Amino acid sequence: MKRKLAAGNWKMNGTNATLGELQTLTAAHPDPRIDILICPPATLIVQAAALTADGPLMIGGQDCHTAPSGAHTGDISAPMLADAGASAVLIGHSERRENHHETNALVADKATSAWSAGLTAVICLGETLAQREAAQTLDVIATQLDASLPGGATGANTVIAYEPVWAIGTGLTPTTAQIAEVHDFLRARLADRLGEPGANAIRLLYGGSVKPANAAKIFAISNVDGALVGGASLKSSDFSPIISALEQA
């Protein structure tokens, strides 16, 4: 039976002083019944991995290049992340898709690179508000999933995160019915491609303004195997209740 996953994306936040939050989080959940992944900025991965080496927390990167090495100033490769102590990497977050014009094809290539380095690829999908209002959500999700997920995906190397763009950092949250519709659709779409056993092994996370106040309600939704949390993962006092809610789901 797959373990549920609480993942935290620190985005462009955090300094060495912030790393104490990891120790506080470990002390609060020394033996969690779920997996916990923290994705700090690249500048903190080595230190974060060293701090959590003997505890339950896993450390991940926020992005990787498609190539293992080369003349790519400012970029970080998947093997570099693994060497720094990461075990996973976020791929295709909406902020990367929008701000850096990442295509589905590029996302797929990054996922393949992550797998080659032994990293779990957390592939992010999601629609904009305009697409939601135009009743295009499932079409957008289908296109992103089909083109962003390379062949060879398994429960061991892949996690899918549904993050409606319009709910990220806005305080807005889709209704439980809207979240269920997309997660059920994702599971069915994966089953068509991988078969039911393969599809059921892949964890589906919900992301978008997940907070302690709404976590339990979200985790009760069908086919929600955890969360990808942004701002609320920066402080253990906010992230810990979300982890506890997932453990109890």
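Every number here is computed from the coordinates shown, using simple stated rules; none is lab data. It should be emphasised that the depicted structure is a prediction, and the values quoted were computed from it without experimental measurement. Here Cβ is always computed from backbone atoms with ideal geometry, including for glycine, and neighbour counts include all displayed protein chains.
Could you work out the helix-only [θ] at 222 nm for the chain, with each DSSP H run of four or more residues adding -39,500 (n - 2.57) and the total divided by the number of residues, to the nearest 500 deg cm²/dmol?
Roughly -11500 deg cm²/dmol at 222 nm, from the helical runs in the chain.
Using Cα springs under 10 Å in a Gaussian network model of the chain, which residue among GLN62, GLN136, GLN144 shows the largest mean-square fluctuation?
GLN136
In whole Å, what are the extents of the chain along the principal axes defined by its C-alpha atoms, from largest to smallest?
Largest first, the chain extends 44, 44, 34 Å along its Cα principal axes.
Looking at the chain, what % of its DSSP beta bridges pair antiparallel, to the nearest 5? Intermediate values should be presented prior to the final figure.
Working: 0 of 29 bridges.
Bridges in the chain are about 0 percent antiparallel.
Size of the dipole of the chain about the Cα centre, Lys and Arg at +1 and Asp and Glu at -1 on the beta carbon, nothing else charged, in debye to 20?
320
Relative contact order for the chain: what is it in percent, counting Cα pairs under 8 Å that are at least 6 residues apart?
On the way: 490 pairs, mean separation 50.6, N = 249.
Relative contact order of the chain: 20 percent.
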